[in-house]
């Protein structure tokens, strides 16, 4: 399965809307399978943007989100705005750089900095 940065953003936005993380969460996202969402929760956890728990069983993988991290909030603050998000994604693609969390963070920071000048 490929990483989907749009799905990363969608999961983070949904998690931010939660009033609490009293119960671990697997967000229900239209047009996405549970398997896709669970896989991306695992990747977001590995990237340090969320805290998650591995509840996998013999029936398959099961990662649940337990909170956003400070880095996750920072990333989301930059990525929330559609215009900034699209510009950052286009910068990474135009430069021919590998699309990773780190390159996307750098591009988001550049777009925000450019807007502040």
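So for segment 67-79 (the condition being in contact with a strand residue (DSSP E or B) (Cβ under 7 Å, 6 or more places away or on another chain), surrounded by 12 or more Cβ atoms within 10 Å (Cβ to Cβ) and part of a loop (DSSP other than H, G, I, E, B)), does at least one residue qualify? Yes, segment 67-79 contains at least one residue that is in contact with a strand residue (DSSP E or B) (Cβ under 7 Å, 6 or more places away or on another chain), surrounded by 12 or more Cβ atoms within 10 Å (Cβ to Cβ) and part of a loop (DSSP other than H, G, I, E, B). Checking each residue in segment 80-91 for being farther than 17 Å from residue 2 by Cα and part of a helix (DSSP H, G or I) picks out 82, 83, 84, 85, 86, 87, 88, 90, 91.
Among the residues of segment 95-111, are any outside any helix (DSSP H, G or I) and surrounded by 18 or more Cβ atoms within 10 Å (Cβ to Cβ)? No, because not a single residue in segment 95-111 is outside any helix (DSSP H, G or I) and surrounded by 18 or more Cβ atoms within 10 Å (Cβ to Cβ). Please verify whether residue 35 is outside any strand (DSSP E or B), in contact (Cβ under 8 Å) with a residue 12 or more places away in the chain and surrounded by fewer than 16 Cβ atoms within 10 Å (Cβ to Cβ), treating the condition exactly as stated. It is true that residue 35 is outside any strand (DSSP E or B), in contact (Cβ under 8 Å) with a residue 12 or more places away in the chain and surrounded by fewer than 16 Cβ atoms within 10 Å (Cβ to Cβ).
For segment 33-46, the count of residues that are within 16 Å of residue 73 (Cβ to Cβ) and at pLDDT 95 or above is at least one.
The values are calculated or read from the model by the stated rules, or taken from the named source; none is laboratory data. Nothing here was measured: the structure is a model prediction, and the numbers come from that model. Every residue, glycine among them, receives a Cβ derived from its backbone with ideal geometry; neighbour counts consider all protein chains shown.
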